[in-house]
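Take a look at the structure set out below.
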Amino acid sequence: MAALGKQQAQPVYVITGDQPYLSQQLRAAFLALIPEAEQTMNYASYDMETTPVAQALDDAMSAPFFGDKRLVFVDRAYFLTTETHRGSKIEHDMASLTSYLEHPEPTTILVFFATSGKLDSRKKVVKLLKKQAEVVSLEAIGEHQIRELIEARVREADMQIEPQAVNALLQRTGSDLSLIMSELPKLTLACFDDKVITAPIVLELVTKSLDQNVFDLVNDVMGRRIEAALNLYRQLILTKEEPLKINAVLIGQFRLLIQTKILAKNGYSQGSIAQTLKVHPYRVKLAMQSSRSLKLAHLRQAYLGLAQIERALKSSTQDPMILFELFMLKYLDQVA
């Protein structure tokens, strides 16, 4: 999309995939097609959770005002996906949308952002969209591509970043591209004089995400490092993380380890596992590294123990710290 120009722009686009950073880059590329002086009159954005699609279509059918092109964004177009939507009482006129797609306004660029869930190919309007529109998929990108994006952004600042620093940044952020890009300005500023971003600076300035802390916690649990696990759990509680949320992320991580181990044992590659489980390839890479030396029976014991904590947290007022300590002691006894 970097090469998107006025001559290349199609009348209708559909953007899929939950990648906020890449989605924002696309928005900027589309908006650049409309001269800044014309954007007030020839650009609009509509949220489908609060606005009927018919209103966006009315705008799309209007001629540009003192310009060559009109740009209309249709955000959160959940009605195009398999995602079930709750809470909105907005009625969307699919007949009008079908009619527009059959005869799109040539001077309008209409962009649907359907980034939650997958396009529902069973729907008539989606089948028509796939014929009439250009579908741009922003699926989870691989680690290699993320590294390239990091290095490219750092080069733009006339700086360099050490490979170990890239590794640390990936680990600290859980390979979340949006989070990585939000951290880079801080890192480039801190290393402005030396022109090189180093691993110690990343470790000092980039706070571990909850997912990364939980990843470390899982390793402590499976490594039977009871004191380290209890200390880290206590730190998470002290930083005001919700016990139920911590436990949910823990359960999710153990589920990923179990699924990854089973699929890898059955010959699935890292990419195939990521695609099957619909998780980021970098998370699968870490899970494969961690689960390689772990017994499936031990992973299941931990998973079941955390499920018991969840029930206790929801049905009683017991101290979460005590519940986790009891879980650790019981787990160590079971796997001894």
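The values are calculated or read from the model by the stated rules, or taken from the named source; none is laboratory data. This is a predicted model, so every value here is computed, not measured. Cβ sites come from the backbone with ideal geometry, for glycine too, and all protein chains shown count toward neighbours. The accessibility values were calculated without ligands, DNA or RNA, using every heavy atom of the protein model including side chains. Shrake-Rupley method; radii C 1.70, N 1.55, O 1.52, S 1.80 Å.
Of note:
- Output for the range 322-336, where each listed residue is open to solvent by less than 30 Å² (accessible area, probe 1.4 Å) and either outside any helix (DSSP H, G or I) or of a type in the set (A, V, I, L, M) (or both): L323, M328, V335
- Answer from L128, L110 - the residue that is touching a Leu at 6+ places or on another chain (Cβ under 9 Å) and either open to solvent by 40 Å² or more (accessible area, probe 1.4 Å) or modelled with pLDDT under 95 (or both): L128
- For the range 68-89, filtered to residues that are touching a Ser or Thr at 6+ places or on another chain (Cβ under 9 Å) and farther than 26 Å from Q19 by Cα, the residue that is surrounded by the most Cβ atoms within 10 Å (Cβ to Cβ) is K69.
- Within the range 179-210, if we keep just the residues that are in contact with a Leu (Cβ under 9 Å, 6 or more places away or on another chain) and open to solvent by 30 Å² or more (accessible area, probe 1.4 Å), the residue that is nearest to L236 (Cα to Cα) turns out to be L205.
- Scanning the range 54-95 for residues that are assigned to a helix (DSSP H, G or I), of a type outside the set (A, V, I, L, M, F, W, C) and closer than 15 Å to V14 by Cα yields a single hit, Y78.
- For the range 212-227, a tally of residues being over 20 Å from D319 (Cβ atoms), surrounded by fewer than 16 Cβ atoms within 10 Å (Cβ to Cβ) and not basic (K, R) returns 2.
- Within the range 281-307, the residues that satisfy the criterion of being of a type outside the set (K, R), surrounded by 13 or more Cβ atoms within 10 Å (Cβ to Cβ) and more than 15 Å from R255 (Cβ to Cβ) are P281, Y282.
- Taking (1) open to solvent by less than 80 Å² (accessible area, probe 1.4 Å); (2) over 31 Å from the mean Cα position of the chain (by Cα); (3) over 15 Å from N219 (Cα atoms) in turn, Q318 satisfies each apart from (1).
- Residue-level check: of (1) open to solvent by 70 Å² or more (accessible area, probe 1.4 Å); (2) among the hydroxyl-bearing types (S, T, Y); (3) within 23 Å of the chain's Cα centre (by Cα), T239 misses just (3).
- Taking the criterion of being assigned to a helix (DSSP H, G or I), open to solvent by less than 30 Å² (accessible area, probe 1.4 Å) and among the small types (G, A, S), the residues of the range 17-37 that qualify are S23, A29.
- Any hit, the range 146-156, residues being open to solvent by less than 70 Å² (accessible area, probe 1.4 Å), in contact (Cβ under 8 Å) with a residue 40 or more places away in the chain, more than 28 Å from Y43 (Cβ to Cβ) and of a type in the set (A, V, I, L, M): yes
- Out of R70, R76, sole residue that is basic (K, R), at pLDDT 90 or above and closer than 29 Å to L149 by Cα: R76
- Among residues that are modelled with pLDDT of 90 or more, out of contact with any Ser or Thr (no Cβ under 9 Å at 6 or more places or on another chain) and buried (at least 17 other Cβ atoms within 10 Å of the Cβ), V166 is included.
- All of T40, T51, T98 fail the test of being open to solvent by less than 60 Å² (accessible area, probe 1.4 Å) and part of a helix (DSSP H, G or I), apart from T98.
- The residues on offer are L256, L244, L277, and the sole one that is open to solvent by 30 Å² or more (accessible area, probe 1.4 Å) and more than 19 Å from D319 (Cα to Cα) is L277.
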